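Student: Have a look at this one.
The values are calculated or read from the model by the stated rules, or taken from the named source; none is laboratory data. Computed from a prediction, not measured in an experiment: that's the story for all the values here. Note that each Cβ is placed from the backbone with ideal geometry, even for glycine, and that neighbours are counted across all protein chains shown. Heavy atoms of the whole protein, side chains included, go into the accessibility calculation; ligands, DNA and RNA do not. Shrake-Rupley method; radii C 1.70, N 1.55, O 1.52, S 1.80 Å.
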Amino acid sequence: MILEHLEKLLRTEAENRPPNNPFRASAMGRCIREGCFDLLGLKGEPMQPRRMLTLHHGTAIHDALLTPLIKKAMGWRVVDGKDLGDNWVEIDGVKIGYHIDLAFQHETPAWEGLPGSLMSIGVAEIKGWTDITFDKAARGEIDREVHAQAWVYHEATAFNPVVFLGFKKKTSHMVEIVFDRNQREQVVTQTLTGDPILLAKEDPILLTEIVSPFDPSVEKYVRERIKWLKATRDNCFGGLDTIKAVIPGADAVEDEVEKIQGQKAAANYMQKYPEAKGLPERNGSWYSFKTGRKILGFPCSYCSHKARCYPTAAMEMKGDRPVFVIP
């Protein structure tokens, strides 16, 4: 009665979404081939209504929840990125657009020998993350997309540090990743992890803080991506087949893994599926088996252009989630 109208709206929005702009800071860590497809205006598979609703959810978290709360908490120390507008930086002859979420004055003392005015303002980016991305960050693992966007901000501004605030939609937990141009090694601090009872009693929002230098390999990837995008824009590379043959992609093909809990269940699985050869990996009471099949992993499994790179991939359902199997 009501939701059918919402479904129709979200499907229409998905059909009318323009290709992503690959010349944005937020896109610099994404797959190079995906960026070239977008640059040529090739439409990918439209998002399904639930994913579109998830995007709206992320926008609401950003605009209606975290931004006003941070401004209220920090007062005059925070400037909303909407007041600063859109900006761009030229990298290797190409204009890369960016829009920071927040600028803030922080209380960290200026580093000795450096002008205090350059070191007293930082920039912050708010991200509503999937469980996969958030859980990796909570373990101290930083996704390339995050690192690449932070590096562009580092290249474009004199602000320091560049802070990413990751929000887990399911539980309202957060992680804070601080990219500091003066940092020499990564430091990961996890909240109350040694005392689960105290963690439950205190129930803080911050699970992990990561203070990290900029990874030189990320700069190399960003410059390589810009090189290919510029060449694609200027020459078009002779069409789709040439792009697939020449331009590097994410190519996230991986072994399918089945996780079984308990020794008896694992033994039954081995008897039922003898093709799952070799001893399984064990983590506590969980056993991980390679099924012998290849599947698309992240980020390819989420990409709207996956059918162009993997036209023979077949979708199956594994519980409540889709799996794309490579023949």
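Student: Conditions first: (1) open to solvent by 40 Å² or more (accessible area, probe 1.4 Å); (2) at pLDDT below 90. His106 passes all but one, so which condition is the exception?
Tutor: The failed condition is (1).
Student: Follow-up. Please enumerate the residues belonging to segment 37-78 that are in a loop (DSSP other than H, G, I, E, B), of a type outside the set (Lys, Arg) and either touching a strand residue (DSSP E or B) at 6+ places or on another chain (Cβ under 8 Å) or open to solvent by 80 Å² or more (accessible area, probe 1.4 Å) (or both). Can you show your working first?
Tutor: Filtering segment 37-78 down to residues in a loop (DSSP other than H, G, I, E, B) leaves 40-48.
Add one more test, that the residue is of a type outside the set (Lys, Arg), and what stays is 40-42, 44-48.
Those that are in a loop (DSSP other than H, G, I, E, B), of a type outside the set (Lys, Arg) and either touching a strand residue (DSSP E or B) at 6+ places or on another chain (Cβ under 8 Å) or open to solvent by 80 Å² or more (accessible area, probe 1.4 Å) (or both): Glu45, Gln48.
Student: Could you tell me whether Trp129 is surrounded by 12 or more Cβ atoms within 10 Å (Cβ to Cβ), under 26 Å from Gln190 (Cα atoms), over 21 Å from the mean Cα position of the chain (by Cα) and modelled with pLDDT under 90?
Tutor: Details: surrounded by 12 or more Cβ atoms within 10 Å (Cβ to Cβ): yes; under 26 Å from Gln190 (Cα atoms): yes; over 21 Å from the mean Cα position of the chain (by Cα): no; modelled with pLDDT under 90: yes.
Here the answer is no, as Trp129 does not meet what is asked.
Student: Here is a follow-up. Got a sec? Which of Leu199, Leu192 is modelled with pLDDT under 85, over 20 Å from Glu155 (Cβ atoms) and part of a helix (DSSP H, G or I)? Reasoning before the result, please.
Tutor: Values: Leu192 fails: part of a helix (DSSP H, G or I).
Matching residue, one of Leu199, Leu192: Leu199.
Student: I need the full set of residues from segment 212-251 which are among the aliphatic types (A, V, I, L, M) and either in a helix (DSSP H, G or I) or surrounded by fewer than 17 Cβ atoms within 10 Å (Cβ to Cβ) (or both), in order please. Even if it seems obvious, please write down each step before you answer.
Tutor: Taking segment 212-251 first, the residues among the aliphatic types (A, V, I, L, M) are 218, 222, 226, 229, 231, 240, 243, 245-247, 250.
Once the filter is applied, which keeps residues that are among the aliphatic types (A, V, I, L, M) and either in a helix (DSSP H, G or I) or surrounded by fewer than 17 Cβ atoms within 10 Å (Cβ to Cβ) (or both), segment 212-251 yields Val218, Val222, Ile226, Leu229, Ala231, Leu240, Ile243, Ala245, Val246.
Student: Looking at (1) of a type in the set (D, E, K, R); (2) within 20 Å of Met28 (Cβ to Cβ); (3) exposed (fewer than 15 other Cβ atoms within 10 Å of the Cβ), which is the one condition that is false for Asp203?
Tutor: Answer for Asp203: the failing condition is (2).
Student: Could you tell me whether segment 267-275 includes any residue that is open to solvent by 40 Å² or more (accessible area, probe 1.4 Å), of a type in the set (A, V, I, L, M) and more than 26 Å from Arg139 (Cβ to Cβ)?
Tutor: Initially, segment 267-275 is screened for residues open to solvent by 40 Å² or more (accessible area, probe 1.4 Å), giving 267-268, 270-275.
From what's left, of a type in the set (A, V, I, L, M): 267, 270.
Those left that are additionally more than 26 Å from Arg139 (Cβ to Cβ): 267, 270.
Yes, the conditions are met somewhere in segment 267-275.
Student: Now for a different question. Please verify whether Val94 is within 24 Å of the chain's Cα centre (by Cα), open to solvent by less than 80 Å² (accessible area, probe 1.4 Å) and of a type outside the set (Ser, Thr, Tyr), treating the condition exactly as stated.
Tutor: On the way: within 24 Å of the chain's Cα centre (by Cα): yes; open to solvent by less than 80 Å² (accessible area, probe 1.4 Å): yes; of a type outside the set (Ser, Thr, Tyr): yes.
So Val94 fits the description; yes.
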